[in-house]
Amino acid sequence: MDFDQLKQDIIEYSKEIGIDKIGFTTANTFSEMKNRLIRQEMLGYQSGFEEKDIEKRVDPSLIFDGPKSIIAIALAYPSRMKDAPQSKRGERRGIFCRASWGADYHHVLRDRLAKLEDYIVSRIPEARFKSMVDTGELVDRAVAERAGIGWSGKNCSIITPEFGSYVYLGEMVTNLPFEPDEPMEDQCGTCNKCVDVCPTGALIEGGQLDAQKCIAFLTQTKGFLADEYRVKLGNRLYGCDTCQTVCPENKGKDFHFHQEMEPDPEIAKPLLKPLLTISNREFKEKYGHVSGSWRGKKPIQRNAIIALAHYKDETAVEDLINVMKNDVRPVMRGTAAWALGKIGGAEAEKALLAKQSVETDDEVLAEIEKGMRMLAPDAG
């Protein structure tokens, strides 16, 4: 088999099935990434969503028998929303990050990888694969970097010359020996914009992220959000794009190649108040197809409450009182109490006082007290 010719044929076929960029690399251990991951773990910077075994994250031979190569793919997604609805008084809106605007990218990438597998098997029946997206063991950023898809930016994203960092990544470990592509040299240079503007200081330095501080991670947690991060959340419901939107390499980058990635504006930028009472079934029906729904409705609802407080939306006071009084989940009751204190007003104060006399959960009571303090005349 002429593997050089097969590689060229795969590249051509990848364009036909909607893969925007493809690269090939060896199945050698990702030694440099291993050192970074060990350091991340030692510093407590991991999110907890990752594969726990660092060796499996960097050594393809531990997850695949006889690996010879890895094929990396990238699909470009839109950075601008057409006909985006405006957030206005009484109709305040939240926002999902760009990576969650269209259909869940895990499904989109798996579809492309499956088609690529089928094509290769049609050429070499004995070919074997293990394909994965970011829920797999390997670090997709490390694979993409070594396969020449792009360079690893200071914002911890792969930045491609063609599409900026607005790309989804996937990879395929295989037993076929393809010639590896050249890795791309770092092109961030002295630019430090992403590090400088990170809302929570999660980007410790170029290429190192404290996931515990990252808003993208924090929006996916289910407990009470620390006060210091509530004021940073803004109207974000899921994810954070700040380190991408300030990147000079992303200026003017907006690609609409894939219909399934096109956002529904009412889902990508939804009204906040209806989220407070949405049922599990309604949430699944409306948002279940986007990647931002994977943790369920609880984080989204909590973030919607914080967003209403961010806007100081007085029209939401009645809705928030209802959550504080009737929601069975302490996180929702407590966050609503805090939000009422943030928004202020006589109605909010009356409701907080009434709830304080009957609430039994200590954490919720602490949030009520925070709300009451913000209502005090000298609270500023």
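For this structure, a couple of remarks:
- Enclosed volume per residue, in Å³, of the convex hull spanned by Cα atoms of the chain: 149 Å³
- Ordering 96, 271, 354 by the projection of their Cα atoms onto the charge dipole of the chain, which places +1 on the Cβ of Lys and Arg and -1 on the Cβ of Asp and Glu, puts 354 at the extreme positive end.
- Using a simple spin-label model with pseudo-atoms 7 Å out from Cα toward Cβ, residue 84 and residue 111 lie 2.5 nm apart.
- Residue order, fewest to most surrounding Cβ atoms within 10 angstrom, among 191, 247, 97: 191, 97, 247
- Cysteines in the chain that, by Cβ-Cβ distance, have no pairing candidate under 4.7 Å: 97, 156, 188, 191, 198, 214, 240, 247
- Packing around the peptides 298-305, 84-91, taken as the average count of other Cβ atoms within 10 Å per residue, puts them in this order, highest first: 298-305, 84-91.
- Pairwise inverse Cα distances across the stretch 90-203, averaged and inverted, put the Kirkwood hydrodynamic radius at 16.5 Å.
- Counting only Cα atoms, the size of the stretch 240-320 along its three principal axes is 44, 29, 19 Å, in decreasing order.
- Helix 330-343 axis versus longest C-alpha principal axis of the chain: approximately 60°, rounded to the nearest ten.
- Full extension of the segment from residue 162 to residue 6, taken as 0.36 nm per residue of separation minus the current Cα-Cα distance, would add 53.7 nm.
- Simple Cβ-charge dipole of the chain, Lys/Arg +1 and Asp/Glu -1, about Cα centre, in debye nearest 20: 1240 debye
- Quarter the surface of the alpha carbon convex hull of the stretch 318-373 and you get the mean projected area, 3.0 square nanometres.
- Distance between modelled label sites at residue 277 and residue 346, nm, 7 Å Cα→Cβ extension: 2.5 nm
- Percentage, to the nearest whole number, of Cα pairs in the stretch 193-375 over 28 Å apart: 30 percent
- Exposure proxy shown here: for 200, 277, 190, 242, the number of other Cβ atoms within 10 Å sets the order, fewest to most, as 190, 277, 200, 242.
Where a number appears in this text, it was derived from the coordinates with a stated rule and is not lab data. All of these numbers come straight from a predicted model, not from anything done at the bench. Backbone-built Cβ (ideal geometry, glycine too); neighbour counts: all protein chains shown.
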